[in-house]
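The values are calculated or read from the model by the stated rules, or taken from the named source; none is laboratory data. As the structure is a prediction and not an experimental result, all values here were calculated from the model. All Cβ positions, glycine included, derive from the backbone under ideal geometry; neighbour counts span all protein chains shown. Side chains included, ligands, DNA and RNA excluded: accessible areas come from the protein's heavy atoms. Shrake-Rupley method; radii C 1.70, N 1.55, O 1.52, S 1.80 Å.
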Amino acid sequence: NKMEFVTSNVDRILGVNYKAFVTNKLELFSHLNGQAEEMEKAIRYNAVHTKLEQEILYKNPTTRKENWMKLSLYPIEHEKVINRYILSIRDLTKEKENEKILSSALYAAQNASLAKSDFLSRMSHEIRTPMNAISGMTTIALANLDNPPKVKDCLIKTSNSTKHLLMLINDILDMSKIESGKLVVINENFNLPFLINNVSSIVMNQASARKQEFHIFMGNVNHETLNGDALRLNQILLNVLSNAVKYSPEGGRIKLSIDELGECKPGVVKLRFTVADNGLGMSQVFLDKLFTPFEQENRDKGSRPGSTGIGMAITKNLVSLMDGTIVVTSVENQGSTFIIELPFGIVEAIDTTPISPQDFKAIKTLVIDGDKDSCNHLVVVLDNLGVSATFVDSSEQAIEMIVEQHEKGSPYDIAFVDWKMPNISGVELTQIVRKMTGSNILIILISSFDSIEVEQRAQFAGANAFLPKPIYKSAVFNTLALVARSKKTGWTRGHDKIEFSDIRLSDRSTPEVDIESIDFSGKRFLIAEDNFINIEIIEEILTSKNAIVNTVENGRDAVDVFKESPLNYFDAILLDIQMPVMDGYTAARTIRALVREDAKNIPIIAMTADAFKEDIKMTHEAGMNVHIAKPLDVELVYSVIHQQLNPKKLG
């Protein structure tokens, strides 16, 4: 009934003086608050008959730190009598922490495994659906070769299914790139209005197909030329907007707002992109795992097939890669709002316009728009440019005001007219004004729909220009500057001074090309491609436009054929990238290095399944002019080649 031995480290580990243990065998238990009651009784009454173990949370009385400890009490028998025992105390804190980490990791792994299993099951369905359509429509077309309308219908459905399948595959590949850390952000100068116009045209088609309203509102955006990853911004906006369309009902409303928040550091401006819809919304449970890969809201709540469940995970990763943030709020059956904030470098525009905002104050401006949000946006833009405009939301009132000012001899200089006005449309208003007042007012028709047909209708109605929404500050400035210059130089008003072609907002870096009118008669193309089906496809695409085609199966043969051809014999070269003997990159570099004049200038077009931005960059570094991704979009092939063959004509 005495303590024979105590290890010397009890002071450091337990915070209890060594002598206290020697003096009182129950000293330890006074610090345990009854956590080891059975063991304490066994020692107190010398009743240690069997091994006892217990884990306890021990609070060091000196350091006040809590650690997990394991107490092990071992009886020692001598001549069939238990007359001693050993109490061993071991620190379990690290083990407990590791157990917790492993437990969390196991839970996460199990959840990820279940999510991926569900994803693979869903993807099996999603991929097989368009594959079934492609296979089935091909079979039907082959069985109806004598029925051209039926064959055409099958081919259209096959094409749509192919595009859908490509979308699914692209999502998977993007996620793979992100998870492997191979996705990089590439910063370059880009034009924000041009990018938003491209996004708008895609989303507008999706929304129109579901009879939905889609509107874009530009806030006070002062910098329209920026430096950043335009491709990834495009992808982020399309992912979020496409989801908004997909999960909103027919007749729903989707809105994209763009605001400049000011400089977050010298030379860097932050933009906020807000996407709001009145669709299905999301439960709080799903909202918490929205950005987790392979997750989708329960389909029973109305989700639509045709997605991978990784689009939002991709979006979140892209936003993070670009040093931005994304926040989501949502209410079931009421809609969702995504707020994305991203930094971009400021590219200072070179101002060659000898016009000051003071010149704009004399411009008498009338805005006619039935949409309150659009009207407010234009108010902000004009106000920032120093223009005090008059605003009306009625075509009838606008006509009265225009005619009244015309008869007084102080007509409006400019009228911004919304295309979709109630009662009297913008086109009808323009025609009425032209009949009643002639051409002494500059009429700018504005619309959410941007197409050549809409633009032509605006011009035919007598408008001076057509500006698709959202209306950018630069476009309004250019319009005002044109009027201000004309007033300075003695503007006599009328179409003789300002023509429809003088003002354009579209700012398309790629001019519209009429595919039907393209003819490659007399043009010779050298094609390097090692896949026989791909050769057949590109030959058919080009020869259908009367081109002369020469095909080879690898990069080395392409170099040799070009080297042996007469000067300026070929008009363009189309190269696959992954080829035997010599790849497309090496072939392009070799051709560019040849000592002949046409080797420097001949258009070289990459035609490849390597479709990531790094791949596009590598094609340019190899000396190629442009990159076309497989599977080939026929209209894009025609448009790109046409542009490469006619650089001066297209500017």
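Within the stretch 571-593, none of the residues are assigned to a strand (DSSP E or B), touching a His at 6+ places or on another chain (Cβ under 8 Å) and not hydroxyl-bearing (S, T, Y).
The residue that is surrounded by the fewest Cβ atoms within 10 Å (Cβ to Cβ), counting only those in the stretch 23-65 that are in contact (Cβ under 8 Å) with a residue 24 or more places away in the chain and of a type in the set (G, A, S), is A42. Count of the stretch 525-567 residues, restricted to those that are open to solvent by 60 Å² or more (accessible area, probe 1.4 Å) and free of Cβ contacts under 8 Å to residues at least 12 places away in the same chain, is 8.
Every residue, every condition in (1) outside any loop (DSSP other than H, G, I, E, B); (2) at pLDDT 60 or above; (3) touching a strand residue (DSSP E or B) at 6+ places or on another chain (Cβ under 6 Å), yes or no:
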site	(1), (2), (3)
K289	no, yes, no
T292	no, yes, no
R304	no, no, no
T308	no, no, no
S330	yes, yes, yes
S336	yes, yes, yes
G345	yes, yes, yes
P354	no, no, no
Q358	yes, yes, no
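Applying the set (1) touching a Phe, Trp or Tyr at 6+ places or on another chain (Cβ under 9 Å); (2) modelled with pLDDT of 85 or more; (3) in a helix (DSSP H, G or I) to D118 leaves exactly one unmet item: (2). Identification of helices (runs of 4 or more DSSP H) wholly contained in the stretch 1-86 with 2 or more residues that are among the acidic types (D, E) yields 37-44.
For the stretch 384-441, a residue qualifies if it is in contact with a Ser or Thr (Cβ under 8 Å, 6 or more places away or on another chain), charged (D, E, K, R) and surrounded by fewer than 16 Cβ atoms within 10 Å (Cβ to Cβ), and the qualifying residues are K420, E428.
Among all positions in the stretch 241-256, there is at least one residue which is in contact (Cβ under 8 Å) with a residue 40 or more places away in the chain, part of a loop (DSSP other than H, G, I, E, B), touching a strand residue (DSSP E or B) at 6+ places or on another chain (Cβ under 7 Å) and surrounded by 17 or more Cβ atoms within 10 Å (Cβ to Cβ).
Results for (1) more than 60 Å from the chain's Cα centre (by Cα); (2) under 26 Å from K94 (Cβ atoms), shown as yes or no for each residue.
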| residue | (1), (2) |
| --- | --- |
| M3 | yes, no |
| V6 | yes, yes |
| D11 | yes, yes |
| K19 | yes, no |
| N33 | no, yes |
| R44 | yes, no |
| E53 | no, yes |
| N60 | no, yes |
| K65 | no, yes |
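Filtering the stretch 367-377 to residues that are surrounded by fewer than 23 Cβ atoms within 10 Å (Cβ to Cβ) and touching a residue at least 60 places away in the same chain (Cβ under 8 Å) leaves D371, D373, S374, H377.
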